[in-house]
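Here the structure comes first, spelled out in structure tokens, and everything after it is commentary.
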Amino acid sequence: MTVHQIPNTIKTDSFWMPFTANRQFKKAPRLFSSAKGMYYTSVDGRQVIDGSAGLWCVNAGHGRPQIAAAVERQLSTLDFAPSFNMGHPLAFDFAERLAEIAPKGLDRVFFTNSGSESVDTALKIALAYHRAAGQPSRTRLIGRERGYHGVGFGGMSVGGMVANRRQFATHLPGVDHIRHTHDLARNAFAKDQPEHGAELADDVERMVALHGADTIAAVIVEPVPGSTAVLPAPKGYLQRLRELCTKHGILLIFDEVITGFGRLGTPFAANFYGVTPDMMTTAKGITNGTVPCGAVFTSRQIHDGLMVGPDNAMELFHGYTYSAHPVACAAGLATLDIYKDEALLTRGASLADYWRDALHSLKGLPNVVDIRNQGLMGAVEVAPRDGVVGARGYDIMVDCFNRGLYFRMSGDSLALSPPLIVEKSHIDDIVSILGDSIKRVA
Ligand code: PMP
């Protein structure tokens, strides 16, 4: 296998890399030096197709001059302004523009700086909302096995990843989980939405039976879990979750950090599945990945439920120094302009069938145990090698990188989500490089 050389002027000791096997990585670092459109350029000068839109965030493709210009302009006019008891016009404009594209009814926007912060913010709003509504006993939070909701204690706790429990042990109390919908026995190689699994939403009834509805504040799920390997919602599943949450007065939160901003060929997964949650958490594509930013969209009912008490009392004791940062707002507004001008939030709809057929053409290659797709998301899952989860996926990822394709791996699932500017020829290239690597690594 080729090992790419990085300039020996780069010292790798100090940077403690996130979500990375540091020691392994630093033996043969994979480094990008620039990016344009669908491609990264590696430090050794190779073009590498971006098969994962960075980390599911560069939806309009790399190096958009309009965003760069907006950021530069903003930095030289108003580099920072507080949003605590002060403000700046861009923040209001940005929230209005987001509200325009939000699923109907979710038009109140609270700004954060990341997906993790959006999740913790939404969970706290859920708790505050029930208190304000005279139901302070509703404190329990329900997540889902295999859920990923970021790295804060709230998000980690409602998340369903064993690695977090192994490494950090302490999680929030009062959290429970419904079962995940990943089911290779019934749904392997399902195209688009899997047929089986809607009944798993009935786990909410089990939670209610076990804990009592009057103790449950919210259920949070990703419509399509991405970080845990792209698991499209089974047919009818989200509808059932919505019904049960409504029936029991439980708030439903969709974590749309990945699925937001066009990933499924609709602005949000809520539009795609035709199910409206009470809150939606977002980040990533909100600024095309350029400047850290996130947003929680809430219903008016939640927002207005908290706009109580004397006018001079703050309604929500929550916020971040960088909430509605002017530079993030400028980047976000420029991003929304691009999404609109190029109709990118719906572009995936016209490519989804091509994407699905291309990915499923890899069925039958050695060790491939499942292929999943939804909108412009997809995953090819290979069997673990000798029982070691992630080893084969890692080798395929490295081989692909060396041959000009970057994507995000999750265990042995090779997760794909190209920028929404992707053309059919790029899809062909992605699938061809991936298929060859799967064979080579076998
Ligand atoms: N929620 C979901 C569904 C995510 O996929 C992610 C990140 N991949 C997060 C939350 C956390 O976002 P961040 O890394 O920006 O904190």
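Here are the numbers for the structure shown:
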| read-out | value |
| --- | --- |
| Residue tally, condition under 26 Å from the mean Cα position of the chain (by Cα) and either under 21 Å from Ser410 (Cβ atoms) or without any contact (Cβ under 8 Å) to a residue 12 or more places away in the chain (or both), over the range 35-54 | 9 |
| Residue match in the range 404-419 (condition: modelled with pLDDT under 95 and either within 30 Å of Gln74 (Cβ to Cβ) or more than 21 Å from the chain's Cα centre (by Cα) (or both)) | no |
| Cross-chain or 6+ apart pairs with Cβ under 7 Å, the range 112-124 first and under 21 Å from Gly174 (Cβ atoms) and within 7 Å of the ligand (Cβ to nearest atom), then at pLDDT 95 or above and assigned to a helix (DSSP H, G or I) | Ser116/Gly155; Val119/Gly154; Val119/Gly155 |
| The range 273-284, residues that are out of contact with any Phe, Trp or Tyr (no Cβ under 9 Å at 6 or more places or on another chain), hydrophobic (A, V, I, L, M, F, W, C) and surrounded by fewer than 24 Cβ atoms within 10 Å (Cβ to Cβ) | none |
| Matching residues in the range 146-185 - criterion: being closer than 12 Å to Glu222 by Cβ and in contact with a helix residue (DSSP H, G or I) (Cβ under 9 Å, 6 or more places away or on another chain) | Gly147, Tyr148, His149, Gly150, Gly155, Val158, Gly159, His180, Thr181 |
| Failed item, numbered, when Glu256 is tested on (1) touching a residue at least 24 places away in the same chain (Cβ under 8 Å); (2) farther than 29 Å from Ala218 by Cα | (2) |
| One residue from Leu359, Leu365, Leu434 being within 21 Å of the chain's Cα centre (by Cα) and either more than 30 Å from Glu100 (Cα to Cα) or not assigned by TED's automatic domain parsing to the domain that holds Met161 (or both) | Leu359 |
| Number of positions in the range 23-71 that are acidic (Asp, Glu), closer than 27 Å to Leu264 by Cα and surrounded by fewer than 19 Cβ atoms within 10 Å (Cβ to Cβ) | 0 |
| Tally, over the range 238-262, of residues that are outside any loop (DSSP other than H, G, I, E, B) and either within 16 Å of the ligand (Cβ to nearest atom) or buried (at least 24 other Cβ atoms within 10 Å of the Cβ) (or both) | 7 |
| Any hit, the range 216-223, residues being in the same structural domain as Ser137 (by TED's automatic domain parsing) and farther than 28 Å from Ala283 by Cβ | no |
| Number of positions in the range 142-156 that are more than 13 Å from the ligand (Cβ to nearest atom) and buried (at least 23 other Cβ atoms within 10 Å of the Cβ) | 1 |
| In the range 215-237, residue farthest from Gly375 (Cα to Cα) [restricted to those that are of a type outside the set (Gly, Ala, Ser) and more than 15 Å from the ligand (Cβ to nearest atom)] | Thr215 |
| Subset of the range 159-195 (residues that are under 14 Å from Thr228 (Cα atoms) and within 16 Å of the ligand (Cβ to nearest atom)) | Gly159, Gly160, Met161, Ala163, Asn164, His180, Thr181, His182 |
| Test: residue in the range 201-214 that is out of contact with any Cys (no Cβ under 9 Å at 6 or more places or on another chain), at pLDDT below 95, among the small types (Gly, Ala, Ser) and in the same structural domain as Thr335 (by TED's automatic domain parsing) | no |
| Selection status of Leu78, over 21 Å from Leu434 (Cα atoms) and surrounded by 21 or more Cβ atoms within 10 Å (Cβ to Cβ) | no |
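The values are calculated or read from the model by the stated rules, or taken from the named source; none is laboratory data. None of the values given here were measured: they were computed from a predicted structure. No Cβ is skipped: glycine too gets one built from the backbone with ideal geometry, and neighbour counts run over all protein chains shown.
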